[in-house]
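Take a look at the structure below.
A short reminder: the numbers here are calculations on the coordinates, not readings from a lab. What you see is a predicted model, and the numbers here were worked out from it, not measured in a lab. FYI the Cβ positions are ideal-geometry reconstructions off the backbone, even for glycines, and counts take in every protein chain you see.
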Amino acid sequence: MQQPHDNKVRKILVVDDEPPARMRLRAMLDELEGYRWLGEAGHGEQAVSMSEDLQPDVILMDIRMPGMDGLQAAQKISAAAHPPAVIFCTAYDEHALQAFDANAVAYLLKPIKQQDLLAALQKASAINRAQLAALQPASDADIDTRYIRIKTSRGEERIALNEIRALVADNKYVSAFTAGRELILDQSLRNLESEYPDYLLRVHRNALVAMPHVLALEKIPTEAAIEAAGQFCVVLDGTSIKPSVSRRHIAQLRRLLRQG
């Protein structure tokens, strides 16, 4: 099994009110190199106490538990000076949005597969800038920490708005392009444009671009312009995607470039 990139052994606290579920997670952890089972808790109050005492790197947290549930426990744990990463493990998908509001770095649905657990642990071991911002108080100098929620094969995730370069609609789907990924959203361009008017700019009926990442307006070669249904495209930093620009939006895009 693949180890964390820095070879550090991550300490894992397992929290679940059902002993068989804790045993199954411990068995999976025992088969993974670079991760060490640290202890287990049966409810939220115990999880908060053990997190303070044992200082785990990652907590695998059930949500529905008697007394303090996993969401409440995660909120308390995230208030620590150096909180552990929290991965929610649950049989119920309706808590996904609340889970990310509690600063979870991943959300796994039971029955959990070992490859999904490993992927979530690796994600927790390499907390990115956006995730750190979610775990720390914001200041005026901090980057934009708004998020867009997406659905993936491993459940529901969220992506920092400032990572998005372009949003392109194709039939029934909207693709979000970042510096290294293409992600499918279930929101419309119209809703996204109205929700983030200070960040997203309409350049085509099927495309929005992130204003801070716009580099240039580029002329499309004549033979390609017919196929692209436009004469210009927009160049964005960090991605090769170049959305076409409708004639009606060219002037607004040029104003943006002059201001930059």
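Run the simple label-point estimate for D53 and E193 please: 7 Å along Cα→C-beta, distance reported in nm.
Here the answer is 5.7 nm between the modelled labels.
How long is the range 161-259 along each principal axis, judged by its Cα atoms, biggest number first, in Å?
34, 31, 25 Å, listed from the longest principal axis down.
Could you sort the peptides 198-205, 82-89, 117-124 by per-residue average Cβ neighbour count (10 Å cutoff), highest mean leading?
Details: 198-205: 18.1, 82-89: 22.6, 117-124: 20.8.
Listed from highest to lowest mean packing, they are 82-89, 117-124, 198-205.
How much length is gained if the chain between S240 and A79 is pulled fully straight, taking 0.36 nm per residue apart and subtracting their Cα-Cα distance, in nm to one decimal? Before the final figure, lay out the partial values.
On the way: separation 161, 0.36 × 161 = 57.96 nm, distance 3.92 nm.
Taking 0.36 nm per residue and subtracting the Cα distance, the gain is 54.0 nm.
In nanometres, what is the gap between the two model label sites at R247 and V9, each 7 Å from Cα along Cα-to-Cβ?
That separation, rounded to one decimal, is 6.9 nm.
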